[in-house]
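The values are calculated or read from the model by the stated rules, or taken from the named source; none is laboratory data. Fair warning: this is a prediction, and the values are worked out from it, not measured in the lab. Here the Cβ is made from the backbone with ideal geometry for all residues, glycine too, and neighbour counts use every protein chain on show. Protein only, heavy atoms only, side chains kept; ligands, DNA and RNA dropped before computing areas. Shrake-Rupley method; radii C 1.70, N 1.55, O 1.52, S 1.80 Å.
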Amino acid sequence: MLFLDSSDPKEIKDIFAWGVIAGVTTNPLILAREAGAVDLEERIRAVVAASKGPVSVELVSESEGAMMEEARLYHAWAPTRIVIKVPFGEAGLRVTHALASQGIETNVTCIMSFNQAYLAALAGGTYVSIFSGRVRDMGYDVRPVIAETRAQLEREKLAAKIIVGSIRHILDVNEALAHGAHVVTVPPAILRKMLHNPKTDETIREFNAAWASRAK
Ligand SMILES: O=C[C@H](O)COP(=O)(O)O
């Protein structure tokens, strides 16, 4: 399954019309780049209106109390659609557990290892987000992180779903899915690259040219 890693409502609306995307993930970096001076609530409401399925909105507070307050604020913007993206850590686990007990969905994020993904799943995270590109930036192989997490979720029948994010190349998508990701969240630019193959273009040109020059 694919989610779109974007906070640009125009791009989101355009790509949702392809019929291939099941949700949206945002983060403070994406929002800062795309939204600039735009009000966060206004931007998230526009993202919700332009899409279908879960929309992840990330907490930027660092203390447990402030994170809970921020989570309640975001959740109220669209209670059936907003998933609270919780940065991984001790406070993050407490917040994930508390939100789960209130029936609020979470996406535990910035996960770089099996151990972190496992803890996030045990705490009741709805989703656990493993960061493919950033794991590779450290020189580690992300594939066993994804595969071991998926195997453990199955063994213990934990409900969490794996999202693989931090996608830098189209091959990262195949790899994440082949190693057990339930969802890959793809930036629009990478998704557009998934469309193209020069042999497809050449073949379509050949077919259309043959039809145009047929004997009449
Ligand atoms: O929030 C999740 C993003 O997929 C992270 O992507 P990035 O490593 O390109 O910032």
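Some values worked out for this structure:
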| quantity | calculated |
| --- | --- |
| Residues of the stretch 119-137 satisfying the condition of being within 11 Å of the ligand (Cβ to nearest atom), assigned to a helix (DSSP H, G or I) and crowded, with 22+ Cβ neighbours inside 10 Å | 132 |
| The one condition in (1) under 26 Å from residue 196 (Cβ atoms); (2) part of a loop (DSSP other than H, G, I, E, B); (3) of a type outside the set (D, E, K, R) that residue 164 fails to fulfil | (2) |
| Residue check, residue 163 in contact with a helix residue (DSSP H, G or I) (Cβ under 8 Å, 6 or more places away or on another chain), closer than 22 Å to residue 58 by Cα and either polar (S, T, N, Q) or touching a residue at least 24 places away in the same chain (Cβ under 8 Å) (or both) | no |
| Members of the stretch 193-215 that are β-branched (Val, Ile, Thr) and either within 23 Å of residue 11 (Cα to Cα) or open to solvent by less than 70 Å² (accessible area, probe 1.4 Å) (or both) | 200, 203 |
| Flag if residue 96 is over 14 Å from residue 183 (Cβ atoms), open to solvent by less than 40 Å² (accessible area, probe 1.4 Å) and under 19 Å from the mean Cα position of the chain (by Cα) | yes |
| Selection within the stretch 151-192 - under 10 Å from residue 128 (Cβ atoms) and either among the charged types (D, E, K, R) or open to solvent by 30 Å² or more (accessible area, probe 1.4 Å) (or both) | 158, 161, 182 |
| Test result for residue 41, charged (D, E, K, R) and farther than 24 Å from residue 182 by Cα | yes |
| Meets criteria (within 22 Å of residue 19 (Cα to Cα) and in contact with a Lys or Arg (Cβ under 6 Å, 6 or more places away or on another chain)) for residue 170 | yes |
| Residue count, the stretch 13-70 (criterion: in contact (Cβ under 8 Å) with a residue 12 or more places away in the chain, within 14 Å of the ligand (Cβ to nearest atom), open to solvent by 60 Å² or more (accessible area, probe 1.4 Å) and not in a loop (DSSP other than H, G, I, E, B)) | 1 |
| Considering residues of the stretch 1-56 that are of a type in the set (Ser, Thr, Tyr) and touching a helix residue (DSSP H, G or I) at 6+ places or on another chain (Cβ under 6 Å) only, the residue nearest to residue 191 (Cα to Cα) | 6 |
| Some residue of the stretch 81-91 being open to solvent by less than 70 Å² (accessible area, probe 1.4 Å), away from the ligand (no atom under 16 Å from the Cβ) and within 18 Å of residue 2 (Cα to Cα) | yes |
| All positions within the stretch 1-12 that are of a type outside the set (D, E, K, R) and assigned to a helix (DSSP H, G or I) | 9, 12 |
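Yes or no, residue by residue, for (1) of a type in the set (Gly, Ala, Ser); (2) touching a helix residue (DSSP H, G or I) at 6+ places or on another chain (Cβ under 7 Å); (3) in a helix (DSSP H, G or I):
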residue: 117; (1), (2), (3): yes, yes, yes
residue: 148; (1), (2), (3): no, yes, yes
residue: 152; (1), (2), (3): no, yes, yes
residue: 155; (1), (2), (3): no, no, yes
residue: 159; (1), (2), (3): yes, no, no
residue: 168; (1), (2), (3): no, yes, no
residue: 175; (1), (2), (3): no, yes, yes
residue: 202; (1), (2), (3): no, no, yes
residue: 206; (1), (2), (3): no, no, yes
